[in-house]
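A.B. asks: Shown below is the structure under consideration.
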Amino acid sequence: MSGTDQELFNLAMSEEARPLLHALQKHIEENVAPITEEFFALNEGKEDRWSWHPRQLELLDGAKAKAKESGLWNFFLPDADTGEGLSNLDYAYIASELGKYSLASETLNCSAPDTGNMEVLERVGTPAQKEKWLKPLLNGEIRSAYAMTEPGQASSDAKNISTSARLENGEWVINGEKYYISGAGDPRCKIMITMVKTSPDAPASKQQSQILVPIDTPGVEILEGMQVFGEDHAPRGHMHIKFDNVRVPEENMLLGEGRGFEISQVRLGPGRIHHCMRSLGQAEKALELMVKRAGSRTAFGKTILKLGKNVEVIARARIEIDAMRLMVLQAAKAMDVLGNREARVYVSAVKAMVPEKVCVIIDQAIQMHGATGVSQWTPLATMYAHQRHLRFADGPDEVHHMVVGRAEAQKHDMW
């Protein structure tokens, strides 16, 4: 085994990061868990679904202030002066804890899609772009969105993106439609990184670019909030947006014309790992709820835990979670050791595996709760919907399986 291979199996969190993990766990216990029920209860009865109740922002800003006071802020940004400088591996441990509470990530300024957008701006933004957009994002003052997916195209192949941008008198003129643009309904969302086609005659990998589009630019029209299993997730939402002769300055281009795919490599590897580790946090929560429910309900003279194969279901869930965690940690380590591009097979493997298996575990927890499992009395139904949509967010299962399978075939000169 080579030195690199050996390093890929060293999956321990660094000693330097362990105090941060413990501080994070304390923050969640003291500042996140106590506000969660009140925060979401305030969604009921709002006059405008696409706004925040003032008390919600008060609760959230209070938890964010406490996180900042404790030195818990922007952990997602690996090896950067603007963040804590954590490796992908160290942050993977943190993301697993964040996944247990839906508000936890935002209280540390580690929410998607802001995380990917901030990483892109930190890596490839100009000084002016960083000052205008990265600085307020890093401070948690605004939110952002990433506009790529289109209703009329198979957007899992980014070469299909058809929203056009042409340069005219020092401005990019953008026309097209996007949908499922997560977070674009949030009144705090001020900027979108938008994938566009700028060079239709260039080689396929050089046709796309990414441009900064302020959401209040004339011609940006939010048509509606798309639903996910019947829920619109207001006020953040997943918006259907039309770009009608939207004009932004030429300097809003990121990195350079035709470099959209190159930028995607910056954001997608770490983002997929973050999704997977947060998913494992959800799986841990589902397993905890499953065990507590099964051990506290009695039917046919036994606790549900001891009926049928339920104890085996619980055992398999634990085994699956632990196995998934090791694979995700190794994918994170591969990004640290090999770089995002060379680690893509590791990342695709876990992105294909984790949401699917976590869906099964949450489904089993729902089953063990009976009708309560699909009700508002537990978070399980919401957790399931979120995990199910991750099977095509950041690339569908099929694309990730193709990446892994193709790599295997290439080892034998068969691709």
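A.B. asks: Computed over the Cα atoms, what is the radius of gyration of the stretch 108-192 divided by 2.2 N^0.38 Å, N being its residue count?
C.D. replies: Working: Rg = 14.1 Å, N = 85, 2.2 N^0.38 = 11.9 Å.
The stretch 108-192 yields a ratio of 1.18.
A.B. asks: Also: Mind checking Rg over Rh on the stretch 250-368, alpha carbons, Kirkwood formula for Rh?
C.D. replies: 1.20
A.B. asks: Using Cα pairs closer than 8 Å and at least 6 residues apart in sequence, work out the relative contact order for the chain, in percent.
C.D. replies: 14
A.B. asks: Can I ask one more? For the stretch 325-415, build the charge dipole from Cβ charges (+1 Lys, Arg; -1 Asp, Glu) around the Cα centre, then report which of VAL399, PRO379, HIS389 sits farthest towards its positive end.
C.D. replies: Going by the charge dipole, the pick is PRO379.
A.B. asks: For the stretch 236-300, state which GluC sites (Glu not before Pro) are in a DSSP loop and have at most 11 other beta carbons lying within 10 Å of their beta carbon.
C.D. replies: Details: sites: GLU250, GLU251, GLU257, GLU262, GLU284, GLU288; in loops: GLU257.
The qualifying sites: there are none.
A.B. asks: Counting only protein chains, not ligands or nucleic acids, how are VAL358, VAL266 ordered by accessible area (probe 1.4 Å), most first?
C.D. replies: VAL266, VAL358
A.B. asks: Can you pull the semi-axes for the stretch 38-195, root of five times each eigenvalue of the Cα gyration tensor, sorted largest first, whole Å?
C.D. replies: 28, 22, 16
A.B. asks: Here's a follow-up. So for the chain, taking the charge dipole from beta-carbon charges (+1 Lys/Arg, -1 Asp/Glu), which of ASN10, ILE366, ASN252 sits furthest toward the positive end?
C.D. replies: Toward the positive end, the furthest listed residue is ILE366.
A.B. asks: Here's another thing I want to ask about it. Would you mind listing how long the chain runs along its three principal axes, going by Cα atoms, in whole Å with the largest first?
C.D. replies: That works out to 78, 61, 42 Å along the principal axes.
A.B. asks: Would you mind getting me the FRET efficiency between ASP5 and LYS292? Use the beta-carbon distance for r and R0 = 60 Å, nearest 0.05. Intermediate results must be reported in sequence, preceding the final value.
C.D. replies: Working: r = 41 Å, r/R0 = 0.68.
After rounding, the FRET efficiency stands at 0.90.
A.B. asks: Based on a Kirkwood Rh over C-alpha pairs, give the Stokes-Einstein translational diffusion coefficient of the stretch 174-287 at 37 °C and viscosity 0.692 mPa s in µm²/s.
C.D. replies: Estimated via Stokes-Einstein, D reaches 207 µm²/s.
A.B. asks: State the extension gain, in nm to one decimal, for the chain segment bounded by GLU342 and PHE40, taking 0.36 nm per residue of separation less the distance between their alpha-carbons. Numbers along the way, then the final one.
C.D. replies: Values: separation 302, 0.36 × 302 = 108.72 nm, distance 4.09 nm.
Full extension from GLU342 to PHE40 adds 104.6 nm.
A.B. asks: Points 7 angstrom from Cα along the Cβ direction at VAL173 and LEU326: gap in nanometres?
C.D. replies: Each label point lies 7 Å from its Cα, and together they span 5.9 nm.
A.B. asks: What part of the accessible area of the chain, given as a whole %, is carbon or sulfur when the probe is 1.4 angstrom?
C.D. replies: Here carbon and sulfur together make up 51 percent of the probe-accessible area.
A.B. asks: DSSP loop (so not H, G, I, E, B), at most 11 other Cβ within 10 Å: list which GluC sites (Glu not before Pro) in the stretch 51-144 pass both filters.
C.D. replies: Details: sites: GLU58, GLU69, GLU84, GLU97, GLU106, GLU119, GLU122, GLU131, GLU141; in loops: GLU84, GLU141.
Qualifying residues, ordered by number: GLU141.
A.B. asks: Now a separate question. Once you place label points 7 Å from the Cα toward the Cβ at THR126 and GLU58, how far apart are they in nm?
C.D. replies: Rounded to a tenth, the inter-label distance reads 4.3 nm.
A.B. asks: Once phi is turned into ³J(HN,Hα) by the Karplus curve 6.51 cos²θ - 1.76 cosθ + 1.60 with θ = phi - 60°, what whole-Hz value does each residue of the stretch 199-216 show in order, with x for glycine and proline?
C.D. replies: 9, x, 9, 7, x, 3, 7, 10, 7, 9, 9, 10, 10, 7, 10, x, 5, 8
A.B. asks: For the chain, what does the accessible surface come to per residue with a 1.4 Å probe? Please give it in Å².
C.D. replies: 47
A.B. asks: Report, in debye and to the nearest 20, how large the dipole of the chain comes out about its Cα centre when Lys and Arg carry +1 and Asp and Glu carry -1 on their Cβ.
C.D. replies: 1120
A.B. asks: Stretched out fully, how many nm does the piece from ASP157 to ALA202 gain, at 0.36 nm a residue minus the Cα gap? Kindly include the intermediate steps, with their values, before the conclusion.
C.D. replies: Numbers: separation 45, 0.36 × 45 = 16.20 nm, distance 1.66 nm.
Value of the extension gain: 14.5 nm.
A.B. asks: Moving on. Extension gain VAL399-GLN265, at 0.36 nm per residue separation less the Cα-Cα distance, in nm?
C.D. replies: In short, 46.7 nm is gained.
A.B. asks: Right, something else. For HIS22 paired with VAL311, estimate the spin-label separation in nm (one decimal), with each label point 7 Å from Cα along the Cα-to-Cβ line.
C.D. replies: Calculated label separation equals 3.6 nm.
The values are calculated or read from the model by the stated rules, or taken from the named source; none is laboratory data. The model shown is predicted, which means the values in this text are computed figures rather than measured ones. Glycine gets a Cβ as well: all are built from the backbone with ideal geometry, and neighbour counts include every protein chain shown. These area figures cover heavy atoms from the full protein model, side chains too; ligands, DNA and RNA do not enter into them. Shrake-Rupley method; radii C 1.70, N 1.55, O 1.52, S 1.80 Å.
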